[in-house]
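What follows is a single structure, written as structure tokens, with notes after it.
The values are calculated or read from the model by the stated rules, or taken from the named source; none is laboratory data. Quantities reported herein were computed from a predicted structural model and do not represent experimental measurements. Here Cβ is always computed from backbone atoms with ideal geometry, including for glycine, and neighbour counts include all displayed protein chains.
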Number of protein chains: 2
Amino acid sequence: MNILKSHKSFGGQVQFWDHVSHETKTPMRLASFRPEGPLRGCLIWLSGLTCTEENFIAKAGAQRYLAEAGLMVVCPDTSPRGLSLPGEHEAWDFGAGAGFYVDATTPAYRDHYRMYSYVTKELYSLIEKEFGLQGRISIFGHSMGGHGALVMGLKESHKFRSVSAFAPIANPMGCPWGQKAFRGYLGDDLSSWRAYDTCALLEDGWKHPHPILVDQGTADTFLRDQQLRTDHLQMACEKAGQRLELRFQDGYDHSYYGIASFIEEHIAFHAEALA
Amino acid sequence: MNILKSHKSFGGQVQFWDHVSHETKTPMRLASFRPEGPLRGCLIWLSGLTCTEENFIAKAGAQRYLAEAGLMVVCPDTSPRGLSLPGEHEAWDFGAGAGFYVDATTPAYRDHYRMYSYVTKELYSLIEKEFGLQGRISIFGHSMGGHGALVMGLKESHKFRSVSAFAPIANPMGCPWGQKAFRGYLGDDLSSWRAYDTCALLEDGWKHPHPILVDQGTADTFLRDQQLRTDHLQMACEKAGQRLELRFQDGYDHSYYGIASFIEEHIAFHAEALA
């Protein structure tokens with residue numbers, strides 16, 4: 001871990017890092033905020049399409065609440081960088097900036113696009129080791145990152161104490177973004193897609209013992225375009241008996257201006273689970 | 001005024017606008033946040049070098065505090081855009097993104113670079129008219145924008161109820177950034193520069209009836225490089241009898257991570273003056 005930049009913020013430190021990942025076989029960049037004083041735990045934030053490690057730290061306004069709660073946050077980048085794989089740089093919703101938090105199996109992507117293992121194993125261990133936070137880790141994210149947080153939270157419920165999401169892509173197998181990404185990273189065998197689809201995982205018996213918190217703005221154009229499928233998430237949780245606190249936020253859209261409005265409540269939700 | 005984008009945030013609306021300015025004879029872009037409910041007043045935020053109308057709205061985390069105080073904020077861009085004046089696009093610290101809040105007099109710039117009149121007359125009137133806020137307007141800013149806020153606050157103290165700044169360029173006549181900009185916009189006659197230098201204005205008798213609040217991080221590299229001259233500001237205020245609340249913030253740098261840490265207190269400061 002090399003520190004690239006540090007900025008004091010709310011008494012703590014915002015830092016930008018990089019390290020060479022053995023999962024992605026590339027350098028990976030991270031942002032973090034660590035409040036001063038003893039740590040209660042760490043949140044991993046997963047960002048959405050086109051984002052980098054910087055968006056959440058710069059725009060969500062989370063530092064104040066993290067400092068008050070004694071929580072740090074670690075934000076990985078949304079894909080490996082610096083590669084030139086076939087098709088990797090042709091669209092904003094696939095390849096660089098759009099890793100979709102899966103372990104790819106297609107020949108073009110399987111050597112590097114391993115964001116699922118990168119986050120749940122490599123980054124997780126690194127946080128435990130670097131900050132002495134054994135087991136006191138929760139996960140949340142936005143849009144593509146909300147999808148990642150829900151999938152990782154369900155499949156690794158022993159690792160993540162609590163899970164929340166803003167406007168998650170809750171049923172990627174059933175929406176254009178997810179279908180494009182899964183075809184490119186996982187190939188044409190739809191049965192392999194189920195391991196990375198929140199609704200399918202719930203159908204297949206995966207659950208998280210803690211209620212899941214989801215905020216969804218009603219003015220989110222991607223909700224209207226059926227990219228998010230909050231309705232499917234709600235049905236799948238009901239059927240599976242997964243406790244879900246789903247809040248439709250009237251008039252809010254898909255932007256960080258909405259995330260910032262409710263970030264305090266998500267941090268309080270995780271702080272309680274990590275207490 | 002054309003609304004380009006709206007995002008609900010903390011119950012209110014973040015909006016991006018443009019309008020054709022009669023001062024700059026170009027379209028000018030603005031960002032604003034208007035909380036729901038009755039307005040107590042409006043703050044004008046002036047941004048620093050390389051910024052646009054977006055930086056403060058996206059990064060300062062001010063919306064929560066503005067909503068609580070019943071204050072709106074309006075953030076103009078840092079220069080006219082869309083022109084091709086001689087030298088306008090050759091450096092990050094002069095020309096586009098670096099208007100320095102002066103009314104230029106040099107032949108190349110005088111027709112368009114009129115940011116002083118744009119803010120104090122055109123934008124000011126527009127806010128009064130558009131939002132019904134007669135006289136209930138204050139001003140603040142960062143770095144180059146801190147310079148703009150101090151200069152406008154001193155010279156137009158009847159218009160701005162209160163003035164604050166983060167890391168202002170407090171003595172542009174005495175620093176490399178300011179000398180370069182003033183030579184380019186105002187020419188070689190140093191006496192004309194005094195109208196836009198906070199320390200010179202204080203020497204020349206300009207004062208604001210309300211104390212001025214200034215936050216300056218001690219780890220700010222531009223402070224070390226003598227671009228800001230907080231020391232000169234302090235001396236000039238003392239000599240002139242201008243009340244100044246100057247706070248050195250230990251370990252904070254020039255970034256928005258520092259601004260966000262203290263924005264609540266600046267908003268409270270202006271809210272009190274506008275009560």
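Per the listing B:LEU228, B:LEU201, B:LEU223, B:LEU190, the residue uniquely under 29 Å from B:ALA108 (Cα atoms) and in contact with a strand residue (DSSP E or B) (Cβ under 9 Å, 6 or more places away or on another chain) is B:LEU228. With respect to the conditions (1) closer than 30 Å to A:SER191 by Cα; (2) among the aliphatic types (A, V, I, L, M); (3) surrounded by fewer than 22 Cβ atoms within 10 Å (Cβ to Cβ); (4) in contact (Cβ under 8 Å) with a residue 40 or more places away in the chain, A:LEU85 lacks only one, and its number is (4).
Pairing residues of region B:97-114 that are under 19 Å from B:GLN179 (Cβ atoms) with residues that are at pLDDT below 95, at Cβ distances under 7 Å and at least 6 apart in sequence or on separate chains, gives no pairs at all. Within region A:1-54, being within 14 Å of chain B (Cβ to nearest Cβ), touching a helix residue (DSSP H, G or I) at 6+ places or on another chain (Cβ under 6 Å) and hydroxyl-bearing (Ser, Thr, Tyr) holds for one residue alone: A:SER9. Does A:PHE160 meet the test of being more than 14 Å from chain B (Cβ to nearest Cβ) and either touching a Leu at 6+ places or on another chain (Cβ under 8 Å) or not acidic (Asp, Glu) (or both)? Spelling it out, A:PHE160 is indeed more than 14 Å from chain B (Cβ to nearest Cβ) and either touching a Leu at 6+ places or on another chain (Cβ under 8 Å) or not acidic (Asp, Glu) (or both).
Tallying residues that are out of contact with any helix residue (DSSP H, G or I) (no Cβ under 7 Å at 6 or more places or on another chain) and either free of Cβ contacts under 8 Å to residues at least 24 places away in the same chain or away from chain A (no Cβ under 13 Å) (or both) within region B:218-238 yields 8. Selection of region A:220-251 for residues being assigned to a helix (DSSP H, G or I) and within 30 Å of A:GLY41 (Cβ to Cβ) yields A:THR230, A:LEU233, A:GLN234, A:ALA236, A:CYS237, A:GLU238, A:ALA240. When B:GLY99 is tested against the conditions (1) on the phi < 0 side of the Ramachandran plot; (2) within 14 Å of chain A (Cβ to nearest Cβ), the lone failure is (2). Residues in region A:158-181 that are within 19 Å of A:TYR118 (Cβ to Cβ) and surrounded by fewer than 24 Cβ atoms within 10 Å (Cβ to Cβ): 2 in all. Residues in region B:161-201 that are out of contact with any Phe, Trp or Tyr (no Cβ under 6 Å at 6 or more places or on another chain) and without any contact (Cβ under 8 Å) to a residue 24 or more places away in the chain: B:GLN179, B:ARG183, B:ASP188, B:ASP189, B:LEU190, B:SER191, B:ARG194. Is it fair to say B:PRO209 is touching a residue at least 60 places away in the same chain (Cβ under 8 Å) and not aliphatic (A, V, I, L, M)? Taking the combined requirement at face value, the residue does not satisfy it. A:VAL151: in contact with an Asp or Glu (Cβ under 9 Å, 6 or more places away or on another chain) and within 21 Å of A:HIS232 (Cβ to Cβ), yes or no? Yes; evaluated as a whole, the condition is true for this residue. Somewhere in region B:68-81, is a residue free of Cβ contacts under 8 Å to residues at least 40 places away in the same chain and hydroxyl-bearing (Ser, Thr, Tyr)? Yes, some residue in region B:68-81 is free of Cβ contacts under 8 Å to residues at least 40 places away in the same chain and hydroxyl-bearing (Ser, Thr, Tyr).
Only residues that are in a helix (DSSP H, G or I) and more than 29 Å from A:GLY241 (Cβ to Cβ) were counted in region A:182-204, giving 3.
When you go through (1) more than 14 Å from chain A (Cβ to nearest Cβ); (2) crowded, with 23+ Cβ neighbours inside 10 Å one by one for B:ALA62, which number turns out not to apply? Condition (1) is where B:ALA62 drops out. Screening region B:240-259 for residues that are among the hydrophobic types (A, V, I, L, M, F, W, C) and surrounded by fewer than 22 Cβ atoms within 10 Å (Cβ to Cβ) and picking the one that is nearest to the other protein chains (Cβ to nearest Cβ) gives B:PHE248.
So, of the residues in region A:260-275 that are closer than 22 Å to A:TRP206 by Cα and either of a type in the set (A, V, I, L, M, F, W, C) or touching a Cys at 6+ places or on another chain (Cβ under 8 Å) (or both), which turns out to be nearest to the other protein chains (Cβ to nearest Cβ)? That would be A:PHE269.
Which residues, counting only those in region A:252-275, are small (Gly, Ala, Ser) and either under 19 Å from A:ARG34 (Cβ atoms) or not in a loop (DSSP other than H, G, I, E, B) (or both)? Once the filter is applied, which keeps residues that are small (Gly, Ala, Ser) and either under 19 Å from A:ARG34 (Cβ atoms) or not in a loop (DSSP other than H, G, I, E, B) (or both), region A:252-275 yields A:GLY258, A:ALA260, A:SER261, A:ALA268, A:ALA271, A:ALA273, A:ALA275. Can you find a residue in region B:209-219 that is buried (at least 19 other Cβ atoms within 10 Å of the Cβ), within 15 Å of the chain's Cα centre (by Cα) and over 15 Å from B:ARG243 (Cβ atoms)? Yes - at least one qualifying residue is present in region B:209-219.
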